[in-house]
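Since the structure comes first, as C-alpha cells, the remarks are kept for the end.
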C-alpha cells in the first residue's frame, strides 16, 4: 500500500510519535542541506532540471514564435503570469507593482503600472508554448518518479472533470455559453475542463476544455480524445461517469486498464447483503447500435464481448456497499483488496481539483476573451505542475510521499523563493518551507457537506441589471395625467 486511505488509522500512537520525531529530524535545515548535496551528486534534484529564460526563448525559436527583445519578453511575461495565477488571481496592477519592486532591487528603471503593456504581452503568448512547457515539466517529473511512489510499480492516472466560470462578456458567451437553464443576463459563461493527473507525482498529464452543453462536449467525450496519450500497462481510475463498454474496449485495445465505480444504468450481479468483499468475473456483450453514442464504423470496430471483473465491498461509516468494475482480471497479481484500495485513492483527484480551483483561485476566471481564457487555464496548469515538482523534491528529501505534503504550503513556498533556486542553499530554503506542513492521516474524519457562514448578505440577482434599473426608474417617475399635469 503506497498511501494510507483516508478515514483509516494504520499506525499506533507509538508508531505515529516515532514517525513524527523522524520527520522533525529530516526537516532540520542542516539535514536537508546534507541530503541535497547527495542528490546533486547523482543529478536527482528536479528543480535544477526546470527551464530558464534563455531556454524559453530557444523554444520560441524552435516553435517559430517571433518576439521583440523588450521588457516583456515571452519568458518575463510567462513568469509574471504564472505568479499571478498562483497568487489567487492578483490584479494586473498588483503584478506590475511587484514587478517594479523586483526591477528596483536589480537597479533597473520602473515600467508603467497601468499594466496595458503587460496585458498585451500576455495576449501574445502562444498557448502551444505554454502547453509545451507544461508537458515538459510533467515528463521530467514522471521520468524521475521512483517505483516506491507508484501503485504496484505501475503508472496510475486519475480522471475527472469540473467547470469554471468566466466573466460575462459577449466573446466569452459565444465560445463558452452559459447553461440553457440560466436566464439571459443572469448567468456566466462556463468552461468544462477534463483533467488527467498522476497518482504518483500529482502532475496534470493533460487537460481538455469545451463548452458545458452540446454534442461531443461531455466529460467522457473529452477524455476519449486523450486515449492516444496512454501507454501499455497504464491504469485509469475514474468515477461511474466514465464506466462504459465503449471506453473499456478502446482502452483494452491500447493495453490500458481501467478501474471505475459501476455505472448507475448497469445491473449489478451481486445479490443479498454484502458481508465481506465479493469478487466475480463476468462477460459483457457489445451493446446494440445507437447513432447518438457512436458511428456505425466505431460500433463495428468494437469487440463482441469483453471480460469485466466486478468487486463489491463495504466501507466503515457508509450504509450502502460499493461496487467497482475493472479490466484487471488477473486475480493472482491484483487481489480484490488491492483494487478496492486503488479505487479508494481515486479521491485524490478531487483534492487535486480543489487545489486548482480553491487554493489557486481558478474557480472564477478573469480574462475577458475566450483566447485569453485558454491561456489562463493553460498557465494555471503549468504553475500547478511547477508546484508539484517542488513537492516531489521535498518528498524525496523528507522520505515521504508527495501527496503527504500540503499543496498550499508548497505554493506559498514557490511564490516566496522560486526566483532563487540555482544553488543547493536556495533549494534547501525552498524545501524547508514546503515541508513545514503534512496532510493525509485523518482517522475518523467525517464532516457534513455544509457551511456555517453565508457568502454574502445581499440577495441573489433574479433579473438582468439593465431591465432592473429601467423598472426601478419607472416606479420612481410619477405618471403624468390630466389631473396632475
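The values are calculated or read from the model by the stated rules, or taken from the named source; none is laboratory data. Just so it is clear, the model here is predicted, and its values are computed rather than measured. Please note: Cβ atoms are built from the backbone with ideal geometry, for glycine as well, and neighbour counts cover all protein chains shown.
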Of residues in the range 86-101 being under 16 Å from residue 416 (Cβ atoms) and in contact (Cβ under 8 Å) with a residue 24 or more places away in the chain, the one surrounded by the fewest Cβ atoms within 10 Å (Cβ to Cβ): 88
Options 121, 141; residue that is within 19 Å of residue 46 (Cα to Cα) and either in contact (Cβ under 8 Å) with a residue 60 or more places away in the chain or touching a helix residue (DSSP H, G or I) at 6+ places or on another chain (Cβ under 9 Å) (or both): 141
Residue check, residue 325 surrounded by 14 or more Cβ atoms within 10 Å (Cβ to Cβ), under 23 Å from residue 192 (Cβ atoms), in contact (Cβ under 8 Å) with a residue 40 or more places away in the chain and out of contact with any helix residue (DSSP H, G or I) (no Cβ under 7 Å at 6 or more places or on another chain): no
From the options 52, 69, residue that is within 27 Å of residue 397 (Cα to Cα) and modelled with pLDDT under 90: 52
Top-ranked residue in the range 393-413 [being surrounded by 23 or more Cβ atoms within 10 Å (Cβ to Cβ) and out of contact with any strand residue (DSSP E or B) (no Cβ under 9 Å at 6 or more places or on another chain); ranked as nearest to residue 121 (Cα to Cα)]: 411
Scope the range 245-270; condition out of contact with any strand residue (DSSP E or B) (no Cβ under 9 Å at 6 or more places or on another chain) and part of a loop (DSSP other than H, G, I, E, B); matching residues: 254, 255, 264, 265, 267
Residue count, the range 153-182 (criterion: within 20 Å of residue 461 (Cα to Cα) and without any contact (Cβ under 8 Å) to a residue 60 or more places away in the chain): 9
The listed residue being modelled with pLDDT under 95, surrounded by 15 or more Cβ atoms within 10 Å (Cβ to Cβ) and closer than 30 Å to residue 130 by Cα, out of 192, 266, 224: 224
For residue 39: the one exception among (1) assigned to a loop (DSSP other than H, G, I, E, B); (2) surrounded by 10 or more Cβ atoms within 10 Å (Cβ to Cβ): (1)
Any hit, the range 106-119, residues being under 27 Å from the mean Cα position of the chain (by Cα), at pLDDT 90 or above and either on the phi > 0 side of the Ramachandran plot or part of a helix (DSSP H, G or I) (or both): yes
So residue 279, is it within 19 Å of residue 330 (Cβ to Cβ), touching a helix residue (DSSP H, G or I) at 6+ places or on another chain (Cβ under 7 Å) and either at pLDDT 90 or above or assigned to a loop (DSSP other than H, G, I, E, B) (or both): yes
Test: residue in the range 406-423 that is modelled with pLDDT of 90 or more and under 18 Å from residue 25 (Cα atoms): no
Flag if residue 96 is in contact with a helix residue (DSSP H, G or I) (Cβ under 8 Å, 6 or more places away or on another chain), part of a helix (DSSP H, G or I) and modelled with pLDDT under 90: no
Selected residue [part of a helix (DSSP H, G or I) and more than 24 Å from residue 141 (Cα to Cα)] from 90, 69, 30: 30
Residue 285 touching a strand residue (DSSP E or B) at 6+ places or on another chain (Cβ under 7 Å) and more than 30 Å from residue 315 (Cα to Cα): yes
Output for the range 286-322, where each listed residue is more than 28 Å from the chain's Cα centre (by Cα), without any contact (Cβ under 8 Å) to a residue 24 or more places away in the chain and either at positive phi or not in a helix (DSSP H, G or I) (or both): 288, 289, 290, 291, 292, 295, 304, 305, 319, 320
